[in-house]
Amino acid sequence: MLSSPENEVLAKACDALYKFASKGDENKVTLLGLGALEHLYKLLSHEDPLVRRNAIMVFGIMASNNDVRKLLRELDVTNSLISQLAPEEDVVIHEFATLCLAYMAVEYTTKVKIFEQGGLEPLIRLLGSSDPDVQKNSLECIYFLVQDFQNCAAVRELNVIPPLLGLLESEYPVIQSLALQTLEVISKDRETRILLGENKGLDCLLNILENNELSDLHIEALAVLGNCLEDVHTLQQIQLTGGLKKLLSFLEVSTVPDIQKNAAKAITKAAYDPEIRKILHWKEVEKFLLSLLEINNDEVKVAASQAISAMCENTDSKCVLGLQGIPQLVQLLSSDNEEVKEAVVTALTNLTTASPRNASVVAESEGIVPVMNTLNARRDGAISNAIAVLTNLSLQEPSRVSIQSHGIMSALVGPLCSTNSQVQSKAAFAVAAFGCDADARTELRNVGGLGPLVELLHSKNEEVRRNACWAVMVCGSDELTAVELCRLGALDILEEINLSTKCKNKFSEAALEKLLDNNLSQKYSRMGYLSSSNIITNGFYDCGQ
C-alpha cells in the first residue's frame with residue numbers, strides 16, 4: 001500500500017504501520033524485513049503534508065532499533081530529516097524528525113553528516129519550540145552532537161547558550177536535566193564559559209542550588225559550575241557577585257555524597273591555577289575539604305584527598321591543611337579501600353614536601369607505622385607515595401631514627417624489585433636517603449637489598465638509573481658494603497654507564513669513585529694507582545697485572 005498512487009491510502013497505511021511499530025521491537029524488525037523503510041524513505045519528500053507527517057512518524061518510532069538505524073545510515077536519510085525541520089513544517093513532523101535524529105546522533109558518522117548538512121542551526125532553533133517533545137528531542141540530539149569538539153565550537157557560534165538557559169526553567173525535569181548535561185559538556189570550553197557569564201548563566205545555576213525543590217538537578221548544576229571554577233575570569237565574576245560564598249555555603253550543608261564528591265573534584269581541577277588557589281584559600285575552602293574526610297563514603301574521601309593535594313601548591317593552604325588535616329589523613333591510612341590509601345598517602349606526600357613543620361606533624365600523629373604499612377599496598381601509586389613521605393620525614397633526625405628502627409631497609413626490598421619505574425625510582429632515592437647510616441647499610445646488605453639495587457643500574461629510565469647510582473654511591477661508603485656491591489657487578493655496570501655520554505650522570509661517576517675508594521684492592525687492580533687520600537689497611541692485596 002506504500003506504493004499506492006492515492007494519498008489517502010498512503011496516509012492510512014503509514015498510520016497503521018506506526019501503530020504496529022509502536023507495539024514493540026519485534027514488530028519493528030518485522031517491518032524492516034518486509035522492506036518498509038525503503039518505501040517510507042521515498043515518502044519523506046511527498047507533496048502531501050499528511051502522508052509526509054505519517055511517514056516520518058513511522059521513521060521516528062522505528063529508529064529506536066539498532067538494525068533499523070544501520071539501514072537508515074545506508075539510505076543516508078539525515079539530509080531528508082534535516083529538511084523536515086523547516087519553521088513552516090507541522091509540529092508533529094518536527095517531533096518525529098528530531099526523535100529520529102536523536103536516535104541516530106549517537107553514532108559518529110551521523111554526527112559528522114548532521115554537522116556538514118547544516119543540522120545544528122535548525123536543532124538549536126527548535127529548542128524554542130512550544131512543544132516539549134520537540135524541545136526534548138532537539139536537546140537530546142544536540143547533547144550527543146556536542147560530545148564531538150568540532151560541534152562544541154559550532155553550537156557556541158550559533159548562540160546556543162540563551163535557549164539552553166531558558167530550558168532550565170522548563171516544567172519538565174527531563175528537559176532541565178538534559179539542558180544541564182549539555183551545558184556541562186560545552187562549558188569545558190573557555191569561550192563558552194565567558195558567554196555563560198555574560199548571559200547570567202552563573203546566577204541561573206546558583207539559583208538552582210538554592211532551590212531545594214530542584215534537588216534532583218543539584219549534581220548536574222554543580223558539574224557546570226565546577227567547569228566554571230577552572231577559569232580565573234569566571235571565578236572572579238562568581239566571587240564579586242557573592243556567588244562563591246553561596247556555593248561554598250551550599251556545599252557545607254549538603255549531605256549528598258555525589259554532590260560532595262563532585263564538589264571536591266571541581267576544586268581539584270580549579271586549584272591547578274595559582275590565582276584560583278588564592279581565591280579558594282581566602283574563602284577558607286580548606287575547612288570544607290577537611291570536613292569531607294570525615295564523611296562515611298570512600299569516593300568522597302578519595303576526592304577530598306585529591307583536592308587537598310592540589311591545594312597544597314598554595315603555601316598558606318599547605319600550612320592550614322597540614323596542621324589540621326594530617327592527623328585525619330593518618331587515620332585514613334588504615335582504610336581497607338586501596339584507592340583511599342593511595343589518595344591519602346599522595347596528599348601526605350604533597351603536604352610534607354619542602355615542609356619540615358608538616359613532616360613533624362606526621363611523626364607526632366604517630367603516622368610512621370601506618371605509612372610504612374602502606375608499602376605493602378596493592379597500588380603502585382600508594383607504594384611510591386608512601387616511600388616519598390618516608391623520604392621527606394628522613395630529613396629530620398628523630399623521624400629518621402624512628403623509621404630505621406622499624407626496619408625501613410627491609411621494607412624497601414620489595415619496592416626495589418617492582419616493575420614500576422616510579423616505585424623503583426622512589427625506592428632507590430629512599431635507599432640514598434637512609435643509607436647514610438651505617439646500621440641501615442648493614443640491614444640492606446643482610447636482607448639482600450643490594451642485588452635489586454644493582455639491577456636498577458641497568459634501567460632504561462633515566463631517573464631510576466640516576467637514583468640507583470646515587471644510592472650505590474651512598475651505600476658504598478663502607479668497605480663491607482662496597483666489596484659486596486663490587487661482587488654483585490656494580491663496578492662493571494658503572495664503568496659501562498660512564499662510557500656512554502647518554503647514560504652517564506654525576507652520580508654514576510661519583511658512585512664509581514666511592515666504590516673504588518672503599519675497595520682499594522679493586523682500585524689498584526683497575527687503575528694501577530692509589531691516590532694520596534687512599535690509606536691501605538690490613539687485607540689489601542695486589543693481584544698483579
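When Leu75, Leu81 are checked against the criterion of being modelled with pLDDT of 95 or more and not β-branched (Val, Ile, Thr), Leu81 stands alone in meeting it.
Filtering region 190-241 to residues that are touching a Pro at 6+ places or on another chain (Cβ under 9 Å) and part of a loop (DSSP other than H, G, I, E, B) leaves only Asn199.
For Leu248, the conditions (1) touching a Lys or Arg at 6+ places or on another chain (Cβ under 7 Å); (2) open to solvent by 40 Å² or more (accessible area, probe 1.4 Å) are fulfilled apart from (2).
Checked across region 451-459, the condition of being open to solvent by less than 30 Å² (accessible area, probe 1.4 Å) and either among the aromatic types (Phe, Trp, Tyr) or more than 35 Å from the chain's Cα centre (by Cα) (or both) holds for at least one residue. Taken together, the criteria exclude Glu171 from residues that are in a loop (DSSP other than H, G, I, E, B), farther than 20 Å from Phe144 by Cα and modelled with pLDDT under 95.
In a residue-by-residue description of region 526-533, the property of being part of a helix (DSSP H, G or I) and buried (at least 17 other Cβ atoms within 10 Å of the Cβ) applies to no position. Within region 221-254, the set of residues being among the acidic types (Asp, Glu) and farther than 19 Å from Ala304 by Cα comprises just one member, Asp231. Considering the conditions (1) open to solvent by 60 Å² or more (accessible area, probe 1.4 Å); (2) free of Cβ contacts under 8 Å to residues at least 12 places away in the same chain, Pro87 is excluded by exactly one of them, (2). Listed by position, the helices (runs of 4 or more DSSP H) contained in region 288-368 that have at least 2 residues being among the aliphatic types (A, V, I, L, M) and open to solvent by 40 Å² or more (accessible area, probe 1.4 Å) are 315-332. Considering region 1-63, the qualifying helices (runs of 4 or more DSSP H), each wholly inside and each with 2 or more residues that are open to solvent by 70 Å² or more (accessible area, probe 1.4 Å) and touching a helix residue (DSSP H, G or I) at 6+ places or on another chain (Cβ under 7 Å), run over 49-62. Candidates Ser215, Ser187: the one that is open to solvent by less than 20 Å² (accessible area, probe 1.4 Å) and either modelled with pLDDT of 95 or more or out of contact with any helix residue (DSSP H, G or I) (no Cβ under 8 Å at 6 or more places or on another chain) (or both) is Ser187. Residue selection: Glu397 satisfies the criterion of being open to solvent by 30 Å² or more (accessible area, probe 1.4 Å), of a type outside the set (S, T, N, Q) and without any contact (Cβ under 8 Å) to a residue 24 or more places away in the chain. Can you say whether Leu329 is touching a residue at least 40 places away in the same chain (Cβ under 8 Å) and either among the hydroxyl-bearing types (Ser, Thr, Tyr) or more than 20 Å from Lys283 (Cα to Cα) (or both), as far as the supplied structure shows? The answer is no for Leu329. Residues in region 494-516 include at least one that is among the aliphatic types (A, V, I, L, M) and open to solvent by 80 Å² or more (accessible area, probe 1.4 Å).
Only residues that are crowded, with 24+ Cβ neighbours inside 10 Å and not in a helix (DSSP H, G or I) were counted across region 460-493, and they come to 1. Of the helices (runs of 4 or more DSSP H) lying entirely inside region 92-161, those carrying at least 1 residues that are among the basic types (Lys, Arg), over 20 Å from Ile194 (Cα atoms) and open to solvent by 40 Å² or more (accessible area, probe 1.4 Å) are 108-116, 120-125, 132-145. Taken across region 406-419, residues that are open to solvent by 30 Å² or more (accessible area, probe 1.4 Å), of a type outside the set (Phe, Trp, Tyr), more than 23 Å from Cys469 (Cα to Cα) and under 23 Å from the mean Cα position of the chain (by Cα) do not occur at all.
Here the condition is being closer than 26 Å to Ala153 by Cβ, of a type outside the set (Ser, Thr, Tyr) and touching a Cys at 6+ places or on another chain (Cβ under 7 Å); of Ala97, Ala105, Ala86, it holds for Ala105 alone.
Looking across region 451-471, just one residue is closer than 14 Å to Leu485 by Cβ and among the charged types (D, E, K, R), and that is Glu455.
For region 195-204, the set of residues classified as open to solvent by less than 40 Å² (accessible area, probe 1.4 Å) and over 16 Å from Pro163 (Cβ atoms) consists of Gly197, Leu202, listed by residue number.
The values are calculated or read from the model by the stated rules, or taken from the named source; none is laboratory data. Keep in mind that this is a model prediction, so the values were computed, not measured. In this analysis, Cβ positions are derived from the backbone assuming ideal geometry, glycine residues included, and neighbour counts consider all displayed protein chains. Heads up: the accessible areas ignore ligands, DNA and RNA and are worked out on the full protein's heavy atoms, side chains in. Shrake-Rupley method; radii C 1.70, N 1.55, O 1.52, S 1.80 Å.
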